[in-house]
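Enquirer: The structure's right below; bear with me while I get my questions together.
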Amino acid sequence: MLAAVLASGTSAFAQDADASETAASARPTILFNRWQENWSKLADPALRTSPFDNLKYIPLMPSDPQSYMSIGINLRERFESLDAPSFGVAHSQPPQNYVIQRTEVFADIHPNANWQIFVELEDARAFGKTFLTPADEDRVDLEQAFSTYSTQLPGGELKLRVGRQEMAFDLQRFVSARDGPNVRQAYDAVWADWESGPWRLISFWSHPVQYGAATFDDTSNGHLQYGGVRIERNDIGPGKLSAYFTRFASDDDHYLFASGKERRNILDTHYAGTLAGFDWDLEVMGQGGHVGPKEVRAFAIGTLGGYTFVGLPWTPRLGLQFDIGSGNHNPYGKVLGTFNPLFPNGYYFTLSGYETYTNIIHLKPSVTVHPTPDLKVMAALGLRWRETTADAIYTIPAVPVAGTAGQGHLWTGLYQQLRVDYAFNANLTGAIEAVHYNVGDTIRRAGGHDSDYVGVELKFGW
């Protein structure tokens, strides 16, 4: 299953199925989106068997088991070693060995079956990292704070959500909660959701949150906006089909070949499913609009699929990933072809941060095995080219590598990736990821060199 391949990058929409499974089980499990957990099961005192269960289910109205409050915690510790940020080009950053720590504390309040109030605080710190970005550190701030009203109406269920919230689409290629870095991405948004049988219709508008390193200094404003409509259907053949039209608006954006107000109109289609051991996920995005005086014409395609040998020991899965994102072909023309990856999820490629959807062609065969039910090992080989040599080589989210635009060849390099995930118990998981990148001649001529990334992570959820 694709969810197993990208377990750390599961989307908010994929979690709906998980939430339904949780509701049907005797005891809830920890979910990627903690606000989707349903702890009303613990209204039965016989099910309060773990320490501090009296805090997981605090009754508000004893006569109504759906009226309760739940308190929870997430803690993530990760050591990272990166010997050549930005491939070491021009010695832009020194080698990094550091620890990132993220602590999240939340209260999930259900006054009744129709209302939910979710408030979450985040404290994200980077110890020993000398070059900090807004995704690295955010000391004691409001991560999420929203209210949701849901009701059953003739023909379906309506959900309305208002406030600071996290959202993600599909495999989080382009719209994500940004779980890979230290500071997750939230949106000050209005969200409307209509579900009827296999259909789901979503409409939203947001101001993506911009992060500062100090206490309670995160902000959003009308200078950066994102929103649109999305439609889904669950039973298209053996899979799920979705499409969305959104608009990205920034009042001051800068690319190598264009600057000014950015207004991108985005059309995205996605189809994913499983059949007879095969799994697949295909997404295509087109972007129009303008950046300053230049017209935007950009695109990206993401595919990920595989076959799982269910009857063999360790349940091996052979996978293949192919991605392409456009670059700018004419630096002096009136058209900007540089793809904007929006709010990408670093987990989709690797945690090293070297890959992004801007000006890239990417091919990645992989093999995944499960020596035990709790242990997953994935080994992969990634091959990378540019879509055009006229544009730069980019790192996540869309940072050009100095001295590569208009220089060299399409070939960028290849990497080897090894990732091990282990579930110690229902609350504690661990992971190790190692990436070695062999750079191509274009990066070497720009002053870069081969590089290594190692990450060791522990995640605790209660």
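The values are calculated or read from the model by the stated rules, or taken from the named source; none is laboratory data. Because the structure is a prediction, the values reported are computed rather than measured. Heads up, the Cβs are rebuilt from the backbone with ideal geometry, glycines too, and the neighbour counts pull from every protein chain shown.
Enquirer: Condition check: touching a helix residue (DSSP H, G or I) at 6+ places or on another chain (Cβ under 8 Å) and buried (at least 24 other Cβ atoms within 10 Å of the Cβ). Does Asn345 satisfy that? Lay out the reasoning, then the answer.
Expert: Numbers: touching a helix residue (DSSP H, G or I) at 6+ places or on another chain (Cβ under 8 Å): yes; buried (at least 24 other Cβ atoms within 10 Å of the Cβ): yes.
Taking the combined requirement at face value, the residue satisfies it.
Enquirer: Please verify whether region 304-311 includes one or more residues that are among the aliphatic types (A, V, I, L, M), over 24 Å from Leu410 (Cα atoms) and in contact with a strand residue (DSSP E or B) (Cβ under 6 Å, 6 or more places away or on another chain). Explain how you work it out, then say what you get.
Expert: Within region 304-311, the first condition is being among the aliphatic types (A, V, I, L, M), and the residues that meet it are 304, 310.
Narrowing the set further to residues that are over 24 Å from Leu410 (Cα atoms) leaves 310.
Next, from what is left, pick out any that are in contact with a strand residue (DSSP E or B) (Cβ under 6 Å, 6 or more places away or on another chain): none.
No, every residue in region 304-311 fails to be among the aliphatic types (A, V, I, L, M), over 24 Å from Leu410 (Cα atoms) and in contact with a strand residue (DSSP E or B) (Cβ under 6 Å, 6 or more places away or on another chain).
Enquirer: Please find, within region 348-374, the residue that is surrounded by the fewest Cβ atoms within 10 Å (Cβ to Cβ) out of those that are touching a residue at least 60 places away in the same chain (Cβ under 8 Å) and β-branched (Val, Ile, Thr). Talk me through it step by step, then tell me what you get.
Expert: If we filter region 348-374 for residues that are touching a residue at least 60 places away in the same chain (Cβ under 8 Å), which is where we start, we get 348, 350-354, 357, 366, 368.
Among the residues that remain, those that are also β-branched (Val, Ile, Thr) are: 350, 368.
On the way: Thr350: 23, Thr368: 21.
So, considering only residues that are touching a residue at least 60 places away in the same chain (Cβ under 8 Å) and β-branched (Val, Ile, Thr), the one surrounded by the fewest Cβ atoms within 10 Å (Cβ to Cβ) is Thr368.
Enquirer: Let me ask something else about it. Looking at region 279-308, which of its residues are of a type in the set (Gly, Ala, Ser), assigned to a strand (DSSP E or B) and touching a residue at least 24 places away in the same chain (Cβ under 8 Å)? Show your work before the answer.
Expert: Of the residues in region 279-308, the ones of a type in the set (Gly, Ala, Ser) are 286, 288-289, 292, 298, 300, 302, 305-306.
Imposing the further condition that a residue be assigned to a strand (DSSP E or B) reduces the set to 286, 288-289, 298, 300, 302, 305-306.
Answer for region 279-308, where residues must be of a type in the set (Gly, Ala, Ser), assigned to a strand (DSSP E or B) and touching a residue at least 24 places away in the same chain (Cβ under 8 Å): Gly288, Gly289, Ala298, Ala300, Gly302, Gly305, Gly306.
Enquirer: Are there any strands (runs of 3 or more DSSP E) wholly within region 375-462 with 3 or more residues that are crowded, with 16+ Cβ neighbours inside 10 Å and β-branched (Val, Ile, Thr), and if so which? Break it down stepwise before answering.
Expert: On the way: elements: 375-385, 411-423, 428-439, 451-461.
Where strands (runs of 3 or more DSSP E) fall fully within region 375-462 and carry at least 3 residues being crowded, with 16+ Cβ neighbours inside 10 Å and β-branched (Val, Ile, Thr), they are 428-439.
Enquirer: Would you mind stating whether Ser176 is farther than 24 Å from Phe299 by Cα and at pLDDT 95 or above? Steps first, please.
Expert: Values: farther than 24 Å from Phe299 by Cα: no; at pLDDT 95 or above: yes.
No, not satisfied.
Enquirer: For Thr358, work out the one condition from (1) in a strand (DSSP E or B); (2) among the β-branched types (Val, Ile, Thr); (3) within 19 Å of the chain's Cα centre (by Cα) it doesn't fulfil.
Expert: (1)
Enquirer: Return yes when Gly327 is in a loop (DSSP other than H, G, I, E, B) and modelled with pLDDT under 95 and no when it is not.
Expert: On the way: in a loop (DSSP other than H, G, I, E, B): yes; modelled with pLDDT under 95: no.
Against the criterion (in a loop (DSSP other than H, G, I, E, B) and modelled with pLDDT under 95), Gly327 does not qualify.
Enquirer: I'm checking my understanding of the structure. Among residues of region 198-214 that are in a loop (DSSP other than H, G, I, E, B) and modelled with pLDDT of 95 or more, which one is surrounded by the fewest Cβ atoms within 10 Å (Cβ to Cβ)?
Expert: Here is the first cut: in region 198-214, the residues in a loop (DSSP other than H, G, I, E, B) are 198, 209, 211-214.
Filter once more, keeping what is modelled with pLDDT of 95 or more: 198, 209, 211.
Values: Pro198: 12, Val209: 25, Tyr211: 21.
This residue is Pro198.
Enquirer: Taking region 42-72 as the region of interest, how many residues are surrounded by 14 or more Cβ atoms within 10 Å (Cβ to Cβ) and farther than 15 Å from His110 by Cβ?
Expert: Total satisfying the criteria: 3.
Enquirer: Among (1) on the phi > 0 side of the Ramachandran plot; (2) at pLDDT below 95, which single condition is Gly413 missing?
Expert: (2)
Enquirer: Another question, if that's okay. If I filter region 146-194 down to residues being surrounded by fewer than 23 Cβ atoms within 10 Å (Cβ to Cβ) and hydroxyl-bearing (Ser, Thr, Tyr), which single residue comes out as farthest from Trp115 (Cα to Cα)?
Expert: This residue is Thr151.
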